[in-house]
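The values are calculated or read from the model by the stated rules, or taken from the named source; none is laboratory data. The shown structure was predicted, so the numbers you read here are calculated from the model rather than taken from an experiment. When we count neighbours, we look across all protein chains shown, and the Cβ atoms used for this are built from the backbone with ideal geometry, even at glycine.
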Amino acid sequence: MRWLEKKWVSIPLLWVTVILIWQLGAMLYGPDVIPGPWDTILGARELIADGTLMQYIGISFTRVLAGWVLGSVIAIPVGLIIGKVHMIRLFAEPFLNFIRFIPPIAFITLFLVWFGIGEQSKIALIMYATFFIVVLNTLTGVLSIEEDKIRSARSMGANEWQILLHVVVPATTPYIFTGVRLAMGTSYMAIIGAEMIASNEGVGYLIWNSRLFFRTDWIFVGLISLGFMGFLTDRLFNWFGRSVLYRYGVIGRTKRV
């Protein structure tokens, strides 16, 4: 049975099993409740033909990318500062541990009031979803640095800026990478909630609006599109870590057989 451990066997077998179970569910409950794989393909073809699907995917991806990047760019230095400055950490840490338990979707109504129904509210929501995850991971990375490393740098004449740049940031990079990667998944959850409630475009709007026409096949198309969007962005980010950040211990280079 060792042949099952090989990826070129196990992965196709897994997908075939999933599709068979999916088709069985469609046969048991009917296409109006669970559309089968072929019905979903036809629904996707219909949405692709009129340009709706690709347009909505592009809009949702742009919103996620903008909020995710902006949130990460702001969160990383904030996390480094909180981790390095003890007095700031005393005040900031309780606040972070309080507000991080409030899910992004709970702020949708407030963000609509504050930023309007345009793109600003959706990007701000994704920034919120990204910010606290990246800050907390960055803070954890700073606090996990061994004090001996910082003392060694000081003993060699390094100032605080050099310690931050050459000791703290490299040691914290794996934690930052993990936080940014986790925040990516939260960003997709946040944008779907925002698009369902306050948008006329995007994959979330497609999923929510399809219920009015009882087009469960379109709902499945939206869900599968989200899965592909998340998978592709995660793979690209993984490739970036493997290719650029491997020397910081983020992800080891793939061994060639």
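Would you confirm whether or not the stretch 92-105 contains a residue that is within 30 Å of Val167 (Cβ to Cβ) and polar (S, T, N, Q)? Yes, because at least one residue in the stretch 92-105 is within 30 Å of Val167 (Cβ to Cβ) and polar (S, T, N, Q). Suppose we filter Gly227, Gly204 for residues that are at pLDDT 85 or above and surrounded by 14 or more Cβ atoms within 10 Å (Cβ to Cβ); which single one remains? Unique residue meeting the criteria: Gly204. Only one entry in Leu136, Leu112, Leu125 is closer than 30 Å to Leu164 by Cβ and among the hydrophobic types (A, V, I, L, M, F, W, C), namely Leu136. The set of residues from the stretch 123-163 being surrounded by fewer than 18 Cβ atoms within 10 Å (Cβ to Cβ) and closer than 30 Å to Leu65 by Cα comprises Thr140, Leu143, Ser144.
Look at Phe177 and say whether it is touching a helix residue (DSSP H, G or I) at 6+ places or on another chain (Cβ under 7 Å), surrounded by fewer than 16 Cβ atoms within 10 Å (Cβ to Cβ) and closer than 25 Å to Met229 by Cβ.
Values: touching a helix residue (DSSP H, G or I) at 6+ places or on another chain (Cβ under 7 Å): yes; surrounded by fewer than 16 Cβ atoms within 10 Å (Cβ to Cβ): no; closer than 25 Å to Met229 by Cβ: yes.
No; evaluated as a whole, the condition is false for this residue.
What about Leu226, is it assigned to a helix (DSSP H, G or I), free of Cβ contacts under 8 Å to residues at least 12 places away in the same chain and closer than 26 Å to Val64 by Cα?
It is false that Leu226 is assigned to a helix (DSSP H, G or I), free of Cβ contacts under 8 Å to residues at least 12 places away in the same chain and closer than 26 Å to Val64 by Cα.
Quick check on the stretch 141-185: of everything there that is within 27 Å of the chain's Cα centre (by Cα) and small (Gly, Ala, Ser), which residue is farthest from Trp239 (Cα to Cα)? Per the criteria, the residue is Ser144. Report yes if some residue within the stretch 183-204 is free of Cβ contacts under 8 Å to residues at least 24 places away in the same chain and either in contact with a helix residue (DSSP H, G or I) (Cβ under 6 Å, 6 or more places away or on another chain) or under 25 Å from Ile117 (Cβ atoms) (or both); otherwise report no. Yes.
How many residues does the stretch 172-182 contain that are without any contact (Cβ under 8 Å) to a residue 60 or more places away in the chain and among the hydrophobic types (A, V, I, L, M, F, W, C)? Number satisfying all stated conditions: 1. Number of residues in the stretch 186-199 that are more than 14 Å from the chain's Cα centre (by Cα) and under 15 Å from Thr62 (Cα atoms): the value is 3. Looking across the stretch 66-77, the residues that are touching a residue at least 24 places away in the same chain (Cβ under 8 Å) and either of a type in the set (Ser, Thr, Tyr) or surrounded by fewer than 18 Cβ atoms within 10 Å (Cβ to Cβ) (or both) come down to Ala66, Leu70, Ser72, Ile74. Between Ala158, Ala190, the distinction of being among the small types (Gly, Ala, Ser) and out of contact with any Pro (no Cβ under 8 Å at 6 or more places or on another chain) belongs to Ala158 only.
Under 30 Å from Lys149 (Cα atoms), free of Cβ contacts under 8 Å to residues at least 60 places away in the same chain and part of a helix (DSSP H, G or I): which single residue out of Arg235, Arg242 fits that description? None of the other options fit; the residue is Arg242.
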